[in-house]
Amino acid sequence: MLFIAIVMVCACAAGTSKKATAMKTGGHPELSAQEKLTPCATCHKDATPEVYNQWYDSVHGIANVKCYQCHGTYEDLKASPDETNCAACHSAQYQKRPKDKKCWDCHPAHHFFIHK
């Protein structure tokens, strides 16, 4: 049993390293069907800790808004989400926004800052 646990930890660490390298070079690594069931934050804690920490301490992180709600799933993943995703939860604000700016120009989603 201990041997299996050690093997799993080593495999996970090797996979995280591979993923961290792919993220830093600008692409997301290919994921297995099983890996696609893993929450984004599980790997992004190690692969992109600055983004993970910004999200974790943000209003969205505190409210437990999940990555896929803004960025999509692995099948339709977007690094920069479509602004209509903001409208799903922030419809009144979305309607009043300046049309020449993205929502996150004034309200960085991965930060705790609030536009005043």
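Taken over segment 46-67, the criterion of being polar (S, T, N, Q) and either part of a helix (DSSP H, G or I) or surrounded by 13 or more Cβ atoms within 10 Å (Cβ to Cβ) (or both) is satisfied by Thr48, Asn53, Gln54, Ser58. If we scan segment 2-12, do we find a residue that is under 30 Å from Cys89 (Cα atoms) and modelled with pLDDT under 90? No, the conditions are met nowhere in segment 2-12. Going through (1) touching a residue at least 12 places away in the same chain (Cβ under 8 Å); (2) within 27 Å of Gly27 (Cβ to Cβ) one by one, Tyr52 falls short only on (1). Summed over segment 94-103, residues that are free of Cβ contacts under 8 Å to residues at least 12 places away in the same chain, surrounded by 10 or more Cβ atoms within 10 Å (Cβ to Cβ) and either assigned to a helix (DSSP H, G or I) or not charged (D, E, K, R) (or both) total 1.
Mind checking which residues of segment 70-93 are more than 15 Å from the chain's Cα centre (by Cα) and either in contact (Cβ under 8 Å) with a residue 40 or more places away in the chain or not in a helix (DSSP H, G or I) (or both)? Of everything in segment 70-93, those that are more than 15 Å from the chain's Cα centre (by Cα) and either in contact (Cβ under 8 Å) with a residue 40 or more places away in the chain or not in a helix (DSSP H, G or I) (or both) turn out to be Glu83, Ala88, Cys89, His90. Of all the criteria given as (1) part of a helix (DSSP H, G or I); (2) surrounded by 14 or more Cβ atoms within 10 Å (Cβ to Cβ), the one not satisfied by Leu31 is (1).
Given the options Lys78, Lys116, Lys19, name the one that is among the basic types (Lys, Arg), modelled with pLDDT under 85 and surrounded by 10 or more Cβ atoms within 10 Å (Cβ to Cβ). Result: Lys19 is the single residue among Lys78, Lys116, Lys19 that is among the basic types (Lys, Arg), modelled with pLDDT under 85 and surrounded by 10 or more Cβ atoms within 10 Å (Cβ to Cβ).
For the structure I just gave you, tell me whether Cys67 is free of Cβ contacts under 8 Å to residues at least 60 places away in the same chain, more than 23 Å from Glu30 (Cα to Cα) and out of contact with any Lys or Arg (no Cβ under 8 Å at 6 or more places or on another chain). Judged against the criteria, Cys67 is not a match.
The values are calculated or read from the model by the stated rules, or taken from the named source; none is laboratory data. Computed from a prediction, not measured in an experiment: that's the story for all the values here. A quick note on method: Cβ atoms are made from the backbone with ideal geometry, for glycine too, and the neighbour counts reach across all protein chains shown.
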